[in-house]
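Okay, so here's the structure we're looking at.
The values are calculated or read from the model by the stated rules, or taken from the named source; none is laboratory data. Because the structure is a prediction, the values reported are computed rather than measured. All accessible areas refer to the heavy atoms of the entire protein, side chains included, with ligands and DNA or RNA removed. Shrake-Rupley method; radii C 1.70, N 1.55, O 1.52, S 1.80 Å.
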Amino acid sequence: MGWTTAHVPDQSGRTALVTGASAGIGFETARVLAARGAHVVLACRDTERGRAAAERIDGSTEVVPLDLSSLASVRRTAGLVRERHRRLDLLVNNAGVMFPSYRRTEDGFEAHLGVNHLGHFALTGLLLELMTSVPGSRVVTVASLAHRVGFGRLDEVAARSLTGRRSMTAYGRSKLANLLFARELQHRLATAGAATVSVAAHPGLSPTALWQGDPPALARPLAAAGMRWLAQPVEAAALPSLRAAVDPAVHGDAYLGPSERFGGRGAPELARSSRAARSGAGRERLWTLSERLTGVRYVCGPPLLEAPASVAEASPSPAVVVCPVTGGRA
């Protein structure tokens, strides 16, 4: 039968943050983690929906506002989490958009790349100091099968261009960025000797709210056919994220996804990614670009200073202090 929620070990004493946890795969991930004893922070753009979701979860939860299309919102959310929590065991970067109605994010980025990658890049960097000394801590980044159609260079032009913005290519490019980010983060964490590992997962195909928007005409028949033949219930689609988050046999740099029907459904196992997603040079270029566009740099090793007790005590700069792979500070 493969890996199921019955394999999720006890999570008592652990704190997890799941983005986009008000519905779909994010909600199911949060629900299972809370049921196993974790305290789960539901980071949601719509806090009313987040609170309604929390009421449906049997376990310890809290809701924080998070709009990944706004770097200012990302910084406020990170500050709130740092104020409330001294440590973070799990960060599940799950939220995303597909064919959004709006053209650009608040900061002027193409919406797919701005929300799906840059927002999560900034959030992870601003929270990582709560994780790097925590044994067993993990960052899970949710990618997609669509990363294989993410053609074109990931550069500043693409980050701000609206060309093809409502295409599967634009969505796929953001999911390719998710995989490149997850792998470069793992490389930097491992080199710095941090306790945290970075893992990626994809859900296969599931009829979540992500597909309830207005896809371009060319994508509609493909989506309909895929849903009939490949789709699986959201409970099954959440299993790769859950396994990536809690299975002790899963190591850093792993990429998990459904094991049947071209990765569309089935029990979560190690998945294959495109050649572009394995490019070391591509990872480095994207990381440099992401730091420049978001203004967020990373602490990749154990914190140099104890995390501040409140936001008021933190540095007024919105960026995190750099601890480069080669050592020292930038």
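Looking at the stretch 24-80 from every direction and averaging, what is the projected area of its Cα convex hull in nm²? Could the numbers behind the result be given before it?
Numbers: hull surface 15.0 nm².
Taking a quarter of the hull surface, the average projection is 3.8 nm².
What are the ³J(HN,Hα) values, in whole Hz, obtained from phi via the Karplus relation 6.51 cos²θ - 1.76 cosθ + 1.60 with θ = phi - 60°, for each residue of the stretch 190-204 in sequence order, with x given for Gly and Pro?
5, 5, 7, x, 6, 6, 7, 10, 10, 10, 10, 8, 9, x, x
For Glu269, which sequence-distant residues (separation of 5 or more, or a different chain) have an amide H within less than 5 Å of its own amide H, given hydrogens modelled in the peptide plane?
Gly257, Ser259
Using θ = phi - 60° and the Karplus curve 6.51 cos²θ - 1.76 cosθ + 1.60, what whole-Hz ³J(HN,Hα) does each residue of the stretch 145-158 get, with Gly and Pro shown as x?
Per residue, the Karplus-derived 3J(HN,Hα) values read 4, 5, 4, 5, 9, x, 6, x, 6, 8, 9, 5, 4, 5 Hz.
What fraction, in whole percent, of alpha-carbon pairs in the stretch 54-166 exceed 19 Å separation?
Numbers: 3334 of 6328 pairs.
Percentage above 19 Å: 53.
Averaging sequence separations of C-alpha pairs under 8 Å and six or more residues apart, then dividing by the length of the stretch 48-173, give the relative contact order as a whole percent. Please report the intermediate quantities before stating the final value.
Working: 158 pairs, mean separation 35.5, N = 126.
Taking the mean separation of contacting Cα pairs over the length of the stretch 48-173, I get 28 percent.
Where Rh is the Kirkwood radius over the Cα pairs of the stretch 135-174, the temperature 25 °C and the viscosity 0.890 mPa s, what D in µm²/s does Stokes-Einstein return? Intermediate values should be presented prior to the final figure.
Values: Rh = 11.5 Å.
For the chosen part, D equals 214 µm²/s.
Under the rule of at least 5 residues apart or a separate chain, name every residue whose amide H is placed under 5 Å from the amide H of Thr61.
Sorted by chain and number, the residues that satisfy this are Val40.
Round to a whole angstrom and tell me the spacing of the C-alpha centers of the stretch 1-39 and the stretch 240-254.
13
May I ask you to evaluate 6.51 cos²θ - 1.76 cosθ + 1.60, the Karplus curve with θ = phi - 60°, for each residue of the stretch 70-76 and list the ³J(HN,Hα) values in order in whole Hz, giving x for glycine and proline?
10, 5, 5, 5, 4, 5, 5
With a probe of 1.4 Å, find how much accessible area the stretch 5-101 has per residue, and write the answer as a whole number in Å². Before the final figure, lay out each step's value.
On the way: 3780 Å² over 97 residues.
Dividing the accessible area of the stretch 5-101 by its residue count gives 39 Å².
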